[in-house]
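What follows is calculated from the coordinates using simple rules that are stated; it is not laboratory data. Everything numeric in this text was worked out from a predicted model, so none of it was measured. Counting neighbours? That spans all protein chains shown, and the Cβs are built from the backbone with ideal geometry, glycine included.
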Amino acid sequence: MKAVLDHVGIAVQDFDAAVSFYRDALGLEIEPPEDVASQRVRAHFIPAGGASLELLEATAEDSPIRAFLNKRGPGLHHITLRVDDIHAAIAQLKRRGAKLVDEQPRLGAEGALVAFVHPAASRGVLVELKQSATTADSPALAVPARRSEIARYSLGDLELISVNDGFFGLDGGAMFGIVPRSLWAPKALPDARNRITLAMRPLIVRGTRTMIIDAGVGDKESAKFSDIYALQRSRHLDHTLAEAGLSAEDIDIVLATHLHFDHAGGFTTRDASGKVRPRFPRAQYVVRRGEWEDATHPNARNRASYLSDNYVPLADAGVLQLVDEDRTIMPGVRVRRTGGHTMHHQMVWIESGGKAAAFVADLIPTTAHLPDAWIMGYDLYPLDTLAAKPLVVKEAIEREALVFFEHDPSVAAGYIRKEDGKPRVVPA
Ligand SMILES: [Zn+2]
Ligand SMILES: [Zn+2]
């Protein structure tokens, strides 16, 4: 087995003292922290050549890092080795009688598969094995190995920046509707709980004003929610906005394709006093009226997707603008209702300088959903999706539009081309 050192985890008791050593004395650069809510841990990565150091702080008394500090004191916590094939690595360790913490790989950050080896096997050091998603056999799961990811495109006078609020997992069967698992699983490798990795990629449009379309899941949800939906937000919207040179204060308009939690969760945030308030303090939030009505009157079928804290506080704060029909929201940016996924789900056409781009949201959530019948089981009106999707695909081909795939784990945007009569995505 070939293994490469990925990072070394160090449990830290006194973070300020650690900063004064690693940053001030050694002169290394500490990246913005990443909270792993399910583990009650805050991780600070320090790039060091091909590998990194990871400073680990406990964020709660019941954090495993707190337990480690109480028992062993600060210091080396784990090492992480990257392997090409984690299943083969686990099988080999089992054959050699090595004690394992995880007998099956689980989904880790950035869509990677991870498994821990017991310190008893590795002579006192906790070892984490990691298979980056880029080496998984499924192209749809190929999450970029880089920890962060933004992509910039220019479209006439507009700048488009694909940002990222991290990844999450939904049941693969529900994501592909009537398509049998034997057909979708090779395109989107499911984890042990049958979940497939999906990205959340809002889009920034910079023109006369600065707009964000959708805003990911946000940070208000519980550890239980994070576990159910396999939230991986070690890099989230704050990080990718910063990488794009922006902050929440720069956003003038927030445009919703619809109000499901993986699109609208990031519209609001909880402040220090516990009150939920708009996350983009200067922005007006634009929502389709029909979608607003449905989201504020949920039923047993759609209730799990509509969480009122994501949007009701916008109305309370007086920053909500409801639109009734297809129209231009800012110069070059026009919404168009598609229906299908929800009755009033809308996509966004962006045009400038004779060029076009399409933000298709949950009409075509990933590149795997391009074929007509590959429609999510979540869609409330699948026959409407079946009617709308081929028309949008046709238009995107004719206009040579740059198409953004909000949930695709590896392709932020691409061009749709016809090959042998079948549409195919050529990543941009
Ligand atoms: Zn949705
Ligand atoms: Zn969605």
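Can you tell me which of Q92, Q346, Q284 moves the most in a GNM of the chain? Springs connect C-alpha atoms under 10 Å apart. Maximum fluctuation in the GNM of the chain, among the listed residues, is at Q92. For the range 11-85, the dipole from Cβ point charges (+1 on Lys and Arg, -1 on Asp and Glu) about the Cα centre works out to 280 debye, to the nearest 20. Counting only DSSP H runs of at least 4 residues, each contributing -39500 (n - 2.57), and dividing by the residue count of the chain, the helix-based mean residue ellipticity at 222 nm comes to -5000 deg cm²/dmol. The magnitude of the dipole of the range 354-400, with charges of +1 and -1 set on the Cβ of Lys/Arg and Asp/Glu and taken from the Cα centre, is near 140 debye. Within a straight-line Cα-Cα reach of under 18 Å, K94 can be paired with the following aspartates and glutamates, leaving aside sequence neighbours fewer than 8 residues apart in one chain: D84, D85, D102, E103, E128.
Suppose every Lys and Arg Cβ carries +1 and every Asp and Glu Cβ carries -1, with no other charges. What dipole size does the range 194-320 come out with about its Cα centre, to the nearest 20 debye? Don't jump to the answer; show the numbers that get you there.
On the way: 17 positive and 16 negative charges, 31 e Å.
That gives a dipole near 140 debye.
Could you tell me which residue out of A264, A248, A174 lies farthest along the dipole of the range 143-298 toward its positive end? Charges go on the beta carbon: Lys and Arg +1, Asp and Glu -1, centred on the Cα centre. So the residue we want is A174. Taking other residues whose beta carbon is less than 13 angstrom from the beta carbon of F116, and scoring Lys, Arg as +1 and Asp, Glu as -1, yields 0. If you run the Gaussian network model on the chain, springs between alpha carbon atoms under 10 Å, then out of A300, A244, A356 the most flexible one is A300.
Bridges between two residues of the chain, per DSSP, are antiparallel at a rate of about 75%.
Within the same chain, lysines fewer than 8 places from K224 are excluded, and of the rest, those with a Cα less than 22 Å from its Cα are K275.
Determine the alpha carbon to alpha carbon distance for each of K355/K394; K71/K220; K2/K99 and list only those over 22 Å.
In this structure, K71/K220 exceed 22 Å between Cα atoms.
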